[in-house]
Amino acid sequence: MSLADTLELTILDHRPMEISSAWADEIVFPYYQGLSISNLAHTVIRLLEGKPPRDRWGSAPLDPRLWEPYWGDAKRIVLFISDGLGWRLLQQIMAEDPITAQVVADLTGHGTLTPITSIVPSTTAAALPTIWTGATPTATGMIGTTLFLRELNSLIDMLHYKPVNGGRFRSEVVEEWGLDLQSFVPVSTLGEELSTRRIPCYVLLEQHLFGSGLSRIMHRGVQHVVRHFSYSDLWIDLRDLLRATRRERCFINIYWGAVDGISHLYGTVTEQSITEIRRQLTDLRDTLAAEGVGDGRTLFMFAADHGHIPVADYINLADHAPLMDAMRCGMGGEGRLAYAYLRCDYRQAVLDYLGQHFADRIIGLLPGDAIQAGLFGPVSAGLHPETAARLGDIVFVARQSVHVGDRAQRPNPVMSRHGGLSEREMLVPLMMRMM
């Protein structure tokens, strides 16, 4: 059995929480103990620092079988994050397309190709801060795309930092209301930690993303930012950055969000999304193989923040008066993992209603139970004081192909989503090789 098969079985056998449901076996739990995106930053620190951890940083790296082969050899680490590229989809493409399978083989060489897990929720607003802090959502407090923040007494869009349905408000308006984005996540970032260790940190990012609210939370301490405009100049800028930092002890992060955006618009198993993945991997391979890029001491890493799943079945909670009567505001979280903020003494009534009407499509979890089971990260590693409140009173876990909301769908609905606990969302690829 290959290492990839062994680690996948380890992940799928991991059941930290007992869930009473006929379809509970469809759930994939995050594997925070060495097989998740929360372990990436710790691995970077361990390899670049080259010694045992002296504090939190480096204390929770990937499984040793994944990183110890590179111990002592990696002087520069290049981490490419492809937003939305799931392990199952990549497997499917490779099985159906020998050319893409060869491209992936070229990218990995004699290195690593294996699944790891996303976090819960499996969504960008929570996953990218985890990648950049090495802290899980319990510790960051970043536990969803939409959250009720008691600090503002409002339901907030956590990608744009403005009220939900607040079209007249500009992005990051919450700063004017007293929310300090620089201290919103109370843990240090990878950029800050590398800076204290005098290791340069570079970020290659679309120009409109750097300086956004989420970027300012994640990229604290980053000394060098290379902005690009589109797909074509991404590869030229990456090639030039790799040539300029050749033989330098440093960390380089590249983020590209097209797989996620295209999957939302067209669907995840479509010609559009598959074409993007094929071209992205091919151009990445060709860029890394360009003259003057490799130096024999560079560790290339490739991962995704989450996967995607088609969602044909929409449950509009507005059609269910007993549920809407129980709500004190709109739903938080994701369409695939939603948080219900309830009026006093309505929790049991809502749980009963879910069991009677949606048992085959929605599981209701108590946030306290989920926190203690480590669904959002090990409590021993830190618990943000607002995590429990932001999770609300009930967590709605949607089954595969299902998403929930509290209003009618738009005329052109999103075709594919993430945030939930299916294997297509939770399993993501990890590639590692020296170059």
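Protection proxy ranking, highest mean first, for peptides 105-113, 261-269: 261-269, 105-113, where packing is the per-residue count of other beta-carbon atoms within 10 Å, averaged.
Against the set (1) 249; (2) 228; (3) 138, the structure's computed volume of the Cα convex hull per residue in Å³ falls on (3). In this structure, the amide hydrogen of Y255, modeled 1.01 Å from its nitrogen in the peptide plane, lies closer than 5 angstrom to those of I81, L204, counting only residues at least 5 positions away or on a different chain. Between the amide H of M301 and those of V78, L79, F80, distances stay under 5 Å, these residues lying 5 or more places away or on another chain, with hydrogens modeled in the peptide plane.
Counting every other Cβ atom within 10 Å of each residue's Cβ, C344, C201 order from fewest to most as C344, C201. Phi angles of the stretch 24-30 translate, via the Karplus equation with coefficients 6.51, -1.76, 1.60 and θ = phi - 60°, into HN-Hα couplings of 4, 6, 7, 7, 10, 8, x Hz per residue; Gly and Pro are given as x. With the helix formula -39500 (n - 2.57) applied to DSSP H stretches of n ≥ 4, the chain reaches a computed 222 nm mean residue ellipticity of -9500 deg cm²/dmol. Applied to the stretch 6-15, the Karplus parametrisation 6.51 cos²θ - 1.76 cosθ + 1.60 on θ = phi - 60° returns per-residue 3J(HN,Hα) values of 4, 5, 5, 5, 4, 5, 5, 7, 6, 10 Hz, with x for Gly and Pro. For H42, neighbours were defined as the other residues whose beta-carbon sits under 14 Å from its Cβ, and their charges (Lys and Arg +1, Asp and Glu -1) total 0. Protection proxy ranking for 286-294, 361-369, using the average of other Cβ atoms within 10 Å per residue and placing the highest first: 361-369, 286-294. The local environment of R168, defined by Cβ-Cβ distances under 14 Å, has a net charge of 0 under the rule Lys, Arg +1 and Asp, Glu -1. Between 0 and 90 degrees, the angle of helix 271-288 with respect to the longest Cα principal axis of the chain falls at about 30 degrees. Sequentially through the stretch 356-372, phi angles give Karplus couplings (6.51, -1.76, 1.60; θ = phi - 60°) of 7, 10, 9, 4, 8, 9, 9, 10, x, 10, 7, x, x, 5, 5, 5, 5 Hz, Gly and Pro residues having no value and appearing as x. Which residues in the stretch 196-213 place their backbone N less than 13 Å from a point set 7 Å from the Cα of H224 along the Cα-to-Cβ direction? Residues 199-204 qualify, since their backbone N sits under 13 Å from the label point. Packing here is the average count of other Cβ atoms within 10 Å per residue, and on that basis the peptides 209-215, 373-379, 39-45, highest first, run 39-45, 373-379, 209-215.
Site pair R297 and R249 shows an inter-label distance of 0.9 nm when each label is modelled 7 Å from Cα along Cα→Cβ.
Relative to the longest principal axis of the Cα atoms of the chain, the long axis of helix 40-49 lies at roughly 30 degrees. Under 5 Å from the amide H of Y161 lie the amide H atoms of E172, each residue being 5 or more positions distant or on a separate chain, with H modelled from the backbone and absent for Pro and chain starts. If r is the Cβ-Cβ distance from H110 to C344 and R0 is 56 Å, what FRET efficiency results, to the nearest 0.05? For H110 and C344, the calculated efficiency is 0.40.
Each Lys and Arg adds +1 at its Cβ and each Asp and Glu adds -1 at its Cβ; summed about the Cα centre, the chain shows a dipole of about 1040 debye. Here the gap between D319 and S154, fully extended at 0.36 nm per residue and compared with their Cα-Cα distance, gives a gain of 57.0 nm.
Distance between the 7 Å Cα→Cβ label points at V414 and T196: 3.5 nm. On the basis of the beta-carbon distance and an R0 of 41 Å, R285 and C329 show a calculated FRET efficiency of 0.30. For the chain, the longest principal axis of the alpha carbon atoms and the long axis of helix 87-96 meet at an angle near 60°.
By the count of neighbouring beta-carbon atoms within 10 Å, fewest first, K75, K162 end up ordered K75, K162.
Any read-out appearing in this document is the output of simple, stated calculations on the displayed coordinates, not a laboratory observation. All of these numbers come straight from a predicted model, not from anything done at the bench. Reconstructed Cβ throughout: ideal geometry from the backbone, glycine too, with neighbour counts over all protein chains shown.
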